[in-house]
1. Consider only pairs whose beta carbons are under 7 Å apart and that are at least six residues apart or on different chains; among these, list those whose first residue lies in region 72-96 and is assigned by TED's automatic domain parsing to the domain that holds Phe58 and loosely packed, with under 10 Cβ neighbours inside 10 Å and whose second residue is modelled with pLDDT under 80 and of a type in the set (Lys, Arg).
2. Could we say that Arg21 is more than 26 Å from the chain's Cα centre (by Cα) and within 30 Å of Asp80 (Cβ to Cβ) here?
3. Every residue in region 3-59 that is surrounded by 12 or more Cβ atoms within 10 Å (Cβ to Cβ), polar (S, T, N, Q) and assigned to a helix (DSSP H, G or I), please.
Amino acid sequence: MKTETQAYLDGNIELADALARIAELEAEVEALENAANNVVTLESWEKDNGPAKEYYEFFHDCFARLNEHYPCPEVTSDYDKNVIFEAIEKGEGAAE
């Protein structure tokens, strides 16, 4: 099989361009395959961490309980997360 360089040296520019494009596409396919290998699926996450539903229920219960003492906590709020983390840290001292 001819290489891109050989095709250029032979004066076959169209073939050289096609071979260069094939090499680019092969590199892109390899990059996509590598990225696909790094995708975290629910199944792989649960394999490492346990059932996601149990995490959901636990944190849902935490937020429901916090809602009685703290107005409208939001999962996406960094401030609310810090309030929860501070409460956990304070609670750790009480358990000792």
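1. Filtered contacts from region 72-96: no entries.
2. So Arg21 does not fit the description; no.
3. If the condition is that a residue be surrounded by 12 or more Cβ atoms within 10 Å (Cβ to Cβ), polar (S, T, N, Q) and assigned to a helix (DSSP H, G or I), then Gln6 is the only one that fits.
The values are calculated or read from the model by the stated rules, or taken from the named source; none is laboratory data. Note that the structure is a prediction, hence the values are computed from the model and not measured. FYI the Cβ positions are ideal-geometry reconstructions off the backbone, even for glycines, and counts take in every protein chain you see.
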